[in-house]
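Down below is the structure, laid out as structure tokens.
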Amino acid sequence: MNARLRAATVSSLLLIIATPTVGQTTSAPAARTAGGCRLASRTTAGAPYSALQENTQSQTLADGTHIESKQQTYQFYRDSQGRQRTEFKQNYFDPTGAQVEFLVSIFITDPVDCVTYSLDASTHVALRHTYPPNEMTPAELSNAVKQLAHATPNELRHETSTERLGTDTIEGLLVEGKRETTTYPVGSQGNDRPIVVTLEIWTSKAPQLRVLSKKSDPRSGETTERLRNIRLGELSPDLFQVPADYQIQDPPK
């Protein structure tokens with residue numbers, strides 16, 4: 001039980017820091033907002049949908065042992081105004097060796113009211129964060145990170161190339177694929193030979209969703225993130241409201 005609670009706590013923090021990759025949209029119109037809230041840059045309007053994302057990891061150890069397991073599950077919802085709800089479920093192995101799934105948290109992004117809620121399923125507490133118009137956007141944060149990257153010596157910087165993979169149909173949606181290959185040079189991470197990481201991404205156009213992502217990294221094995229049960233169309237407004245049995249709390253000022 002302690003291990004389960006530790007996993008839940010860590011996973012809740014990760015969910016707040018970053019949204020899952022597969023369910024993210026690519027370049028698309030920002031959500032319509034009532035007061036020009038810059039939180040809208042995190043989501044997309046006019047493309048309501050729901051989908052289940054499964055994350056699995058496969059790894060072969062040095063002695064030949066192969067491990068494959070489902071790591072997390074995310075249930076995504078988005079309405080036509082760009083409101084988003086993500087339900088995060090964690091998996092763990094019980095004493096019998098079976099994988100058990102339990103709800104950890106729910107994260108609601110509301111670009112109309114410029115607010116997000118992080119709901120803890122174990123305590124029924126919803127942490128509310130209101131975003132002012134002048135808050136730094138994700139794009140500005142990305143530029144700040146890029147500026148820091150310039151401090152890395154040229155000989156230690158990684159290089160990334162992109163290959164187009166054409167089109168395919170996944171989960172009933174027409175998707176376009178690309179493969180990104182990133183090479184980390186010798187010495188950039190204490191490595192005595194180059195580290196090559198590949199990331200294969202398949203994205204649909206309508207709606208713009210990252211439907212499938214496959215990452216191969218010699219340091220951690222292979223990770224697959226895939227959307228399933230994709231349903232297009234408007235959703236119930238109740239999904240984007242904090243349930244009545246949750247206590248809403250604001251961060252200390």
Next on the checklist: Looking at E222, E163, E171, can you tell me which residue is surrounded by 11 or more Cβ atoms within 10 Å (Cβ to Cβ), of a type in the set (D, E) and within 18 Å of the chain's Cα centre (by Cα)?
Outcome noted: E222
Next on the checklist: What are the pairs with Cβ atoms under 7 angstrom where one residue, in the stretch 78-101, is modelled with pLDDT of 90 or more and the other, located anywhere, is crowded, with 18+ Cβ neighbours inside 10 Å and among the basic types (K, R)? Sequence gap at least six, or different chains.
Outcome noted: Q84/R78
Next on the checklist: Restricting to the stretch 86-103, count the residues that are within 14 Å of the chain's Cα centre (by Cα) and either assigned to a loop (DSSP other than H, G, I, E, B) or among the hydroxyl-bearing types (S, T, Y) (or both).
Outcome noted: 1
Next on the checklist: Return the residues of the stretch 104-152 that are at pLDDT below 85 and either surrounded by 15 or more Cβ atoms within 10 Å (Cβ to Cβ) or within 20 Å of the chain's Cα centre (by Cα) (or both); say none if nothing qualifies.
Outcome noted: Y131, M136, T137, P138, A139, E140, L141, S142, N143, V145
Next on the checklist: Anything in the stretch 200-214 that is more than 14 Å from the chain's Cα centre (by Cα) and without any contact (Cβ under 8 Å) to a residue 60 or more places away in the chain? List them, or say none.
Outcome noted: E200, W202, S204, K205
Item to check | So A45, is it more than 22 Å from I170 (Cα to Cα) and either modelled with pLDDT under 50 or exposed (fewer than 13 other Cβ atoms within 10 Å of the Cβ) (or both) | outcome: no
Checklist entry - Which of the residues that make up the stretch 170-205 are in contact with a strand residue (DSSP E or B) (Cβ under 8 Å, 6 or more places away or on another chain) and hydrophobic (A, V, I, L, M, F, W, C)? => result I170, L173, L174, V175, I195, V196, V197, L199, I201, W202
Checklist entry - Has the stretch 8-31 got any residue that is part of a loop (DSSP other than H, G, I, E, B), modelled with pLDDT of 70 or more, of a type outside the set (D, E, K, R) and closer than 30 Å to E176 by Cα? => result no
Next on the checklist: Looking for something buried (at least 20 other Cβ atoms within 10 Å of the Cβ) and either within 20 Å of R228 (Cβ to Cβ) or touching a Gly at 6+ places or on another chain (Cβ under 7 Å) (or both) - is there at least one such residue anywhere in the stretch 63-71?
Outcome noted: no
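The values are calculated or read from the model by the stated rules, or taken from the named source; none is laboratory data. Given the structure is predicted, the values throughout are model-derived calculations rather than measurements. So basically every Cβ, Gly included, is an ideal-geometry build from the backbone, and we count neighbours across all protein chains shown.
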